[in-house]
Amino acid sequence: MTSQPPPRPAAKSYDGEGIVVGFDAHRCLHAAECVRGLPAVFDVDRRPWVQPDNAPADEVAEVIHRCPSGALQYHRTDGMPDEVPDVPTRVSLHADGVLHVRGDLEVATPYGPRHETRVMLCGCGATANTPYCDHSGPCAGHG
């Protein structure tokens, strides 16, 4: 009998005016697009570290779209659309063995399929967060 993996903890959610920001720490690879792009909203030295009301919802959404791992996601509550997947879907293999994928994706995970728009997938097979890269394998020296 195959044992099922334990349920994944839910991503943290940060409510703002017109936008809800989700953050999955298990997927964050610290590209820092958020911190560089909108430090008034994303500040790792502050608690809570995400404060979506510190910028217009459109700006928050634009910066989140830069997050390559998909650790940051958003849902618009102001009638504007949620993130639109890139078309065509793009896949690139980076030197560290990580597959960067953007588009309208369905990712098979141990917890069932997930709809995604941005992911960084493990290319070495040594991740503890299958299928997402966590830099725990040979690619760790490149992160």
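Laboratory data are not the source of any read-out in this text; all were calculated from the coordinates shown. Since this is a predicted model, take the numbers as computed values, not measurements. Note: ideal-geometry Cβ built from the backbone for every residue, glycine included; neighbour counts use all protein chains shown.
Local charge for residue 61 was computed over the other residues whose Cβ lies under 11 Å away, with Lys and Arg +1 and Asp and Glu -1, and equals -4. Which of 52, 131, 110 moves most in a GNM of the chain, Cα contacts under 10 Å? Looking only at 52, 131, 110, the biggest GNM fluctuation is shown by 110. Overall form of segment 91-143: oblate. Here a/c, set by the Cα gyration tensor axes a ≥ b ≥ c, is 1.5 or more, and a/b is not larger than b/c. Taking only the Cα atoms of the chain, the ratio Rg/Rh comes out at 0.97, with Rh defined as the Kirkwood radius. A dipole drawn for the chain from +1 and -1 charges on Cβ atoms has a positive end, and of 65, 120, 137 the residue lying farthest that way is 137.
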